[in-house]
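Each value in this text was obtained by applying a stated rule to the coordinates, not by laboratory testing. The structure presented is a predicted model; accordingly, all values stated were derived computationally and were not measured. Glycine gets a Cβ as well: all are built from the backbone with ideal geometry, and neighbour counts include every protein chain shown.
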Amino acid sequence: MQEQLQHLVQLPHFERLILLLQILKQLADTTEYQLLNALNTPYNFNMRDQMRLRMIYEFVEKNFVQAIDIEEVARLSNLTVPAFSAYFKKMTHQTFTDFVNEYRINYAAQLLLAGKSVADACFESGFNNVSYFGRVFKKIKKTQPSQFGMP
């Protein structure tokens, strides 16, 4: 399936759609899968929390390639930094730094699959240190960035 996904970007639009549908069919029919959220953690957000978290996510989405100041995000959330940190951890079960790093790593993974070098993926995804990028990437993706997407 990995080869099919890699081949997907090289096809013309219509053939790409057909192959994508075939891949989705294979995924729907397979019995080989692993639950990513085996703990079944419920997220019961009220409207105010939904709006606040949406604003935080949108801020990260727009600003992840540059340094994100937690004080600015806390201010946007109308919270102090300690209150914001506790709130974010309570609501998402991860620290804000871990959330931003995960967002950046997922973006970097897309860049690597598109053929970017490790250094380019590092800097274009908001990291400013290749060594730190490699450690965070390995922690989240369980593989080195230079090995990502390889059979």
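Calculate, for THR80 and LEU24, the FRET efficiency according to 1/(1 + (r/R0)^6) with r their C-beta to C-beta distance and R0 35 Å; round to the nearest 0.05. Efficiency at R0 = 35 Å is approximately 0.20. Extension gain, GLN34 to MET150, is 39.8 nm, computed as 0.36 nm per intervening residue step minus the present C-alpha separation. Give, as a single signed number, the net charge of other residues whose beta carbon lies under 15 Å from the beta carbon of ALA67, with Lys and Arg counted +1 and Asp and Glu -1. Combined, the nearby Lys, Arg, Asp and Glu give -2.
With the cut-off at 29 Å, tell me which of the pairs LYS89/LYS116; LYS25/LYS142; LYS116/LYS139 have Cα atoms farther apart than that.
Among LYS89/LYS116; LYS25/LYS142; LYS116/LYS139, the Cα-Cα distance tops 29 Å for LYS89/LYS116.
The equivalent ellipsoid of the chain has semi-axes of 32, 21, 15 Å, largest first, where each one is the square root of 5 times an eigenvalue of the Cα gyration tensor.
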